[in-house]
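First comes the structure, then the notes that go with it.
The values are calculated or read from the model by the stated rules, or taken from the named source; none is laboratory data. Quick caveat, the model's predicted, so the values are computed rather than measured. Neighbour counts are summed over all protein chains in view; Cβ atoms, including those assigned to glycine, are modelled from backbone coordinates with ideal geometry.
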2 protein chains.
Amino acid sequence: MHETTPRKRGDTRERILDAAESAVLEKGFASTSIDELIAAVGVTKSGFFYHFKDKGELARALLSRYVARENVLFDELFDRADELNEDPLHGFLVGLKMLAEMLADLPNGHPGCLVAAYCYQDRLFDREVRALTRQAVLGWRARFRKRLEEIAARYPMRVAVDLDDLADMLSVIADGGIILSKAVHDKDALPRQVMLYRDFVRTVFLGT
Amino acid sequence: MHETTPRKRGDTRERILDAAESAVLEKGFASTSIDELIAAVGVTKSGFFYHFKDKGELARALLSRYVARENVLFDELFDRADELNEDPLHGFLVGLKMLAEMLADLPNGHPGCLVAAYCYQDRLFDREVRALTRQAVLGWRARFRKRLEEIAARYPMRVAVDLDDLADMLSVIADGGIILSKAVHDKDALPRQVMLYRDFVRTVFLGT
DNA sequence: GTTCAAGTGTACTTGCGGTACAGTTGTGGG
DNA sequence: CCCACAACTGTACCGCAAGTACACTTGAAC
């Protein structure tokens, strides 16, 4: 009855990561101070360094957790969409609509993509972190490419596009849409862009 | 024969901005130290503070210059495309192709978008800077929406999309494509995404 | 009732961002 | 010719944050 045996209440480590994630997305990694994190969490500096040997280890842990969570989220969302739909195209279109609705339901808009944040500060990080961001994006490409191949096996392509590019386009729309939403202070801009991507996918396989 | 009367050779201020721009795009604003900028340019700290009263003023000047340059670039590129083509749709499609080619010709890939970098560090900046990023993105929306309206006046829309969203999508593709390119270390990913956007625009107005 | 994970407390070093301000230099105008 | 001004240089300083070191405490599990 143990396995991990955390401690009394909600892992301090996780709460440090929570505080760090939102701070990094608002101000960047360099200007997120350890002092502010420990103040937010209510732990001492020694407590912080007990969990992370230095700031670099925090960066790695933050990104790993983020990527793992995103993958779980995509798994659940598109699996759920597929349960409602036999056809791979309509399953994907339903999944995209669910994604847009989920994004629209976020009360303060999407907080930001850590991979994007890290890309714009990549000289701060070691090769391990850079490899992780690369693998994350390539993982999303592989994930969506697989789905697009299943669709292309049943539907003729009305517009000649490369499936890797079309798969990448969803990450591109997500990251670009987040920036758009943040820049114009319109949280609905991101879900609208996802729906536009959905229109494109539908048109590619079903025509106009 | 003066007007601005700079000084002997190439404005120091411009060279500071050059150094700052590439540093900010690689490491973020906070971790771009004034010391590294003055070392790169060959000026003293006092020299720096002669041109910028503090780091915030550097941030403002950097962004203003960036946005102004981007606008000039878009003006020139799409004006040139229109000269080659009477039709607004084909002019836009030619412009997008020229944009993709220009991006593909960058030897080290696109260095990054300052607006995107600032969005992911926006708590570092004052309201003036945030207003500038907002106006920049809204300006791009207005620019491309105007072109899309000219197209829509002559071509029926085969796919029902909002023109503001379709206009925004180009900024989204650019910013997201830059992140994709940086993340996977493939400089050609960005121009391919621009071409994919072009495919979408063509399909919206010409069908499959 | 001891052991171990999960911390606390205190003290210190280093480096950077930023401030302040007086002094210097080259060039063009009167 | 020299003076004014833009464009710097030199020096000195402050406060904050990252990171180090290490001795100590506490609560739960076995």
Practice task
Name, by its number, the condition in (1) more than 7 Å from chain B (Cβ to nearest Cβ); (2) surrounded by 18 or more Cβ atoms within 10 Å (Cβ to Cβ) that does not hold for A:PRO156.
Solution key: (2)
Practice task
Would you mind telling me which numbered condition in (1) within 14 Å of another protein chain (Cβ to nearest Cβ); (2) at negative phi; (3) more than 12 Å from DNA strand C (Cβ to nearest atom) A:GLY112 fails?
Solution key: (2)
Exercise for the section: Report, by residue number, each residue of segment A:50-61 that is more than 16 Å from DNA strand C (Cβ to nearest atom) and away from chain B (no Cβ under 14 Å). Expected result: A:ARG60
Practice task
List the number of the failed condition for B:THR208; all other conditions in (1) at the interface with another protein chain (Cβ under 7 Å from one of its Cβ atoms); (2) surrounded by 22 or more Cβ atoms within 10 Å (Cβ to Cβ) hold.
Solution key: (2)
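With more than 9 Å from chain A (Cβ to nearest Cβ) and under 17 Å from B:ALA81 (Cα atoms) as the only criterion, which of B:LEU132, B:LEU99, B:LEU163 stands out?
Numbers: B:LEU132 fails: under 17 Å from B:ALA81 (Cα atoms); B:LEU163 fails: under 17 Å from B:ALA81 (Cα atoms).
Of B:LEU132, B:LEU99, B:LEU163, the one residue that is more than 9 Å from chain A (Cβ to nearest Cβ) and under 17 Å from B:ALA81 (Cα atoms) is B:LEU99.
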Exercise for the section: Name, by its number, the condition in (1) β-branched (Val, Ile, Thr); (2) crowded, with 17+ Cβ neighbours inside 10 Å; (3) at pLDDT 95 or above that does not hold for B:VAL72. Expected result: (2)
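Just the residues that are within 7 Å of another protein chain (Cβ to nearest Cβ) and touching a residue at least 24 places away in the same chain (Cβ under 8 Å), please, taken from segment B:136-153.
Applying the first criterion (within 7 Å of another protein chain (Cβ to nearest Cβ)) to segment B:136-153 yields B:137-138.
Listed by number, the list holds a single entry, B:VAL137.
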Problem - Cβ-Cβ under 6 Å pairs, at least 6 apart or on other chains, segment A:31-49 side within 21 Å of A:LEU124 (Cβ to Cβ) and within 11 Å of DNA strand C (Cβ to nearest atom), far side among the charged types (D, E, K, R) and assigned to a helix (DSSP H, G or I) - result: A:ILE38/A:LYS45
Practice task
Restricting attention to segment B:60-105, report how many residues are touching a Leu at 6+ places or on another chain (Cβ under 9 Å), of a type in the set (S, T, N, Q) and touching a residue at least 12 places away in the same chain (Cβ under 8 Å).
Solution key: 1
